[in-house]
Amino acid sequence: MEILSQIWSFLGLLTVLQNVLPTQLLSVLHSCFESIQDFFSPYSYFEIPEFNGYCGVDVNDLYRHVNLYLNSINSSSTCPRLTLSRSKSSKLISYTLAPNHTVNDTFRGHHLCWTHQVDNVQDSVEEKRSFSLKLPKRHRLDLLTPYLEHVTARAEEFERVSRERRLFTNNGHGSYESGWSSVPFRHPSTFETLALEPELKTQLMDDLTAFSEGKEFYHKIGRAWKRGYLLYGPPGSGKSSLIAAMANFLCYDVYDLELSKVSDNSELRALLIQTTNRSIIVIEDIDCSINLTGDRMAKTRNNQSMHKKNRHVIGDNAEDNGRVTLSGLLNFTDGLWSCCGEEKVIVFTTNHKDNVDPALVRCGRMDMHVSLGTCGIHAFKVLVKNYLGLDSHALFDVVESCIRSGGTLTPAHIGEILLRNRRDPDVAVKSVLTAMQAKILGADMDATEGGHEYDDMARSPESLGRRLMESPDNWPEGSPEKKKKKDGSTWEKNVKFLVRLRSLTKSDSGRRGV
């Protein structure tokens, strides 16, 4: 009791002194006490305020990185009290240390502590927030700089993965403050659900990973940190889905650049400067956006004819004024303007690779040419897994035989058939098989040569079977099969092959009880 009374007496004396002594003297005494405490303490303390300076306007970027870093290490496992939050546009829950609570961390075998300090500002409703880092005093010089670099790198990676991604499109006002408008990018395509052959899928994922981790390499060799991809193949081969899968894999924003809305090269440069790092810039149907190849050939012919007539051309680029030119697009891909920003992926798509100007797709501009076409057996199984939830089916061997015999279809065509018949997996697989058999027979896929009989066969799996079992003489005049019969031995072999497949399909159906 006597000790307690002495403690209370001491506290009362401190209260009296605090009220009597000047504020300046109290501040000096407090600083001396902290200095003595720091001298005998085995730890060093570093404070990271929320704002730089005293005006409270300039946000301290390191404070934000620390907050993101503590989210990434899952502070809930070591801190008993956290503040939870979630924005409307995100599904992730953000963790923030509750005021004046501590979380532990380890780095290079040393224990460190983060404390979230929140103090009320006198005569104000505002709060003064900061993070305090405690680390061993003996190793502070060796730990502080590499640890903060580790915190920053981890925070940036966490922010890249967890932030909401955006899909941008140019709005036709590239010369203004912002020539882009955006919406949230929530395309569900991933490399796991993409209908690609395993070898190509692995090659793409490895290439994208090497690019995203290649900052030091690109700087060392003196090249802009960018990567170009040319995706080409028939409509429905999955070019747009591949772009979405690349964006989800890298966690990048997507800029869909429509060249027909760009008035000239100056606006094109303005748009590209406004794109952010870690983004994918897409120009779809590059051969149809603007006639760059035709313009260049016409210009070459005009210049040659003028040279023959000994005419002087005033201003070689006169005809390029007020429009996007090939040279402007080339400067965007690998010229001086390509180094404006880092970690950017440039993607061109086309249905006809031969129509694209060779200057656009040469090495150094489009680093990787990706051919997308019809589905192989592995891609077909991925689609069946996605749409029907099946890992195997009795008709997979028959489908593989059709694919080897030239009955391949695009992912979009197979997906449409599976989607239409998704309630009955057996009917869905048979419908795809029927469409493949129709392609082998040469059923017309072009609307200009007989309509949509190809799709009609896919809708009715039995229609092709009835045709195969009928006598060819009974087929109607003008039908694709009747025309193909006149081709001779090739047609005969196809019919025999499909009749054999038909018998296999029936036997498999009988064993399955369908």
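The values are calculated or read from the model by the stated rules, or taken from the named source; none is laboratory data. Since this is a predicted model, take the numbers as computed values, not measurements. All Cβ positions, even for glycine, are placed from backbone atoms using ideal geometry, and neighbour counts span all protein chains on display. For the accessible areas, the whole protein counts, side chains as well, though only heavy atoms, and no ligand, DNA or RNA atoms are used. Shrake-Rupley method; radii C 1.70, N 1.55, O 1.52, S 1.80 Å.
Here are some notes:
- Selection from region 407-424 of residues that are open to solvent by 40 Å² or more (accessible area, probe 1.4 Å) and either within 31 Å of the chain's Cα centre (by Cα) or touching a residue at least 12 places away in the same chain (Cβ under 8 Å) (or both): Ala412, Glu416, Leu419, Arg420, Arg422
- Tally, over region 172-230, of residues that are assigned to a helix (DSSP H, G or I) and under 27 Å from Leu330 (Cα atoms): 17
- Screening Val432 with (1) closer than 18 Å to Gly236 by Cα; (2) open to solvent by 10 Å² or more (accessible area, probe 1.4 Å) gives one miss only, at (2).
- Residue check for Glu258: of a type in the set (Asp, Glu), surrounded by fewer than 19 Cβ atoms within 10 Å (Cβ to Cβ) and modelled with pLDDT of 60 or more: yes
- Of all residue pairs spaced 6 or more apart or on separate chains, those with beta-carbon atoms under 6 Å, a first member in region 211-236 that is in the same structural domain as Asn277 (by the TED database) and closer than 29 Å to Asp357 by Cβ and a second member that is open to solvent by 50 Å² or more (accessible area, probe 1.4 Å) and among the acidic types (Asp, Glu) are Trp225/Glu342.
- Flag if Thr169 is at pLDDT 90 or above, within 25 Å of Ile273 (Cα to Cα) and open to solvent by 30 Å² or more (accessible area, probe 1.4 Å): yes
- Total residues in region 42-57, condition in a loop (DSSP other than H, G, I, E, B) and modelled with pLDDT of 75 or more: 3
- Set Ser90, Ser77, Ser35: member being in contact with a helix residue (DSSP H, G or I) (Cβ under 9 Å, 6 or more places away or on another chain), modelled with pLDDT under 75 and either in the same structural domain as Glu157 (by the TED database) or surrounded by fewer than 11 Cβ atoms within 10 Å (Cβ to Cβ) (or both): Ser90
- Within region 65-77, residues that are under 9 Å from Arg154 (Cα atoms) have Cβ atoms under 6 Å from residues that are of a type in the set (Lys, Arg) and modelled with pLDDT of 80 or more in these pairs: Tyr69/Arg154; Ser72/Arg154, counting only partners at least 6 apart in sequence or on another chain.
- Search result, residues across region 197-209 that are under 17 Å from the mean Cα position of the chain (by Cα) and farther than 16 Å from Ile280 by Cβ: Lys201, Thr202, Gln203, Asp206
- The listed residues are Glu164, Glu157, and the only one of them that is under 28 Å from Cys251 (Cβ atoms), among the charged types (D, E, K, R), open to solvent by 70 Å² or more (accessible area, probe 1.4 Å) and within 25 Å of the chain's Cα centre (by Cα) turns out to be Glu157.
- Residue that is surrounded by the fewest Cβ atoms within 10 Å (Cβ to Cβ) [pool: residues in region 93-103 that are free of Cβ contacts under 8 Å to residues at least 24 places away in the same chain and in a strand (DSSP E or B)]: Ser94
- For Ser181, the conditions (1) polar (S, T, N, Q); (2) touching a strand residue (DSSP E or B) at 6+ places or on another chain (Cβ under 7 Å); (3) touching a residue at least 40 places away in the same chain (Cβ under 8 Å) are fulfilled apart from (3).
- Check on Thr106, in a strand (DSSP E or B), exposed (fewer than 14 other Cβ atoms within 10 Å of the Cβ) and in the same structural domain as Asn60 (by the TED database): yes
- As a summary of the residue check, Leu135 satisfies the conditions (1) open to solvent by 20 Å² or more (accessible area, probe 1.4 Å); (2) in contact (Cβ under 8 Å) with a residue 12 or more places away in the chain except for the one numbered (1).
- Residue satisfying condition, being modelled with pLDDT of 85 or more and of a type in the set (Val, Ile, Thr), within set Ile314, Ile290, Ile283: Ile283
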